[in-house]
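J.: Pasting a structure here, questions to come.
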Amino acid sequence: MSRRTAQYRTGATLIEVVIIIVALGLAVPPALRLLDSAAASRADSINATRAALLATSVLETVLADVNSGDPSLGFDALADEPTYLAGLATRASPVTDEYADLNLTYELAIGPLSQADGAVSGDADLDIFRRVTVTARYPSAVGGTVSMPVAAIVTDLTP
């Protein structure tokens, strides 16, 4: 065997290179889709954790307000929802502003006076609770918006 023939046999032929390129061309796109899906799932998982923290933080602020000695706060402040919500936005802004920068929002809903089980009897002695629900929302990495509600039943603990 001459030296020249041995040189040609050590390299890949053109047909082998074409086969390798075709095989990679078929294998890479599905792998990239899997990686993209995994990244979207991870982003949604992180945003779900952030949404839970946002909703919990706002609810903790409401609970602190309900138990506050401040005459403008307390359990009775929840009866005037628009005024309470305006003040809450200011008090909670040190926490909520961070989440707003991440495209997370929240909404607070204050229920009517009710019994502990949520039923409204109309009896002022029994209807001493309110259901407070904070719903945090975030954009999903796969499209749409995800809502995460967190709720608590509150009452006036002052004697």
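J.: Give me the percent relative contact order of the chain, please, defined on Cα pairs under 8 angstrom at least 6 residues apart. Walk me through the numbers before you get to the answer.
T.: On the way: 176 pairs, mean separation 36.7, N = 159.
Contact order relative to length: 23 percent.
J.: Of all DSSP beta bridges located in the chain, what percent are antiparallel, nearest 5? Working shown, then result.
T.: Numbers: 18 of 18 bridges.
Roughly 100 percent of the DSSP beta bridges within the chain come out antiparallel.
J.: Among (i) 11, 44, 39, 6, 0; (ii) 9, 26, 20, 13, 8, 7, 6, 5, 4, 2, 0; (iii) 9, 28, 28, 18, 9, 5, 2, 0, only one was calculated for this model; which label is it, if the read-out is P(r) over Cα pairs in 10 Å bins from 0, in percent?
T.: (ii)
J.: Local charge sum around D80 (other residues, Cβ-Cβ under 14 Å, Lys/Arg +1, Asp/Glu -1)?
T.: Details: positive: R130; negative: D65, D76, E81.
With Lys, Arg at +1 and Asp, Glu at -1, the neighbours total -2.
J.: Another question, then. Using modelled amide H (1.01 Å from N, peptide plane; none on Pro or chain starts), what sits under 5 Å from the amide H of V146, excluding residues fewer than 5 places away?
T.: So V146 has HN proximity to Y138, S140.
J.: Follow-up question, since we're still on this one. Quick one: T135, T90, T49, fewest Cβ neighbours within 10 Å first, how do they rank?
T.: Values: T135 17, T90 8, T49 11.
The order, fewest Cβ neighbours first, is T90, T49, T135.
Readers should treat all values here as calculations from the given coordinates under stated rules, not as data from a laboratory. Remember, it's a predicted structure, so these values are computed and weren't measured experimentally. Here Cβ is always computed from backbone atoms with ideal geometry, including for glycine, and neighbour counts include all displayed protein chains.
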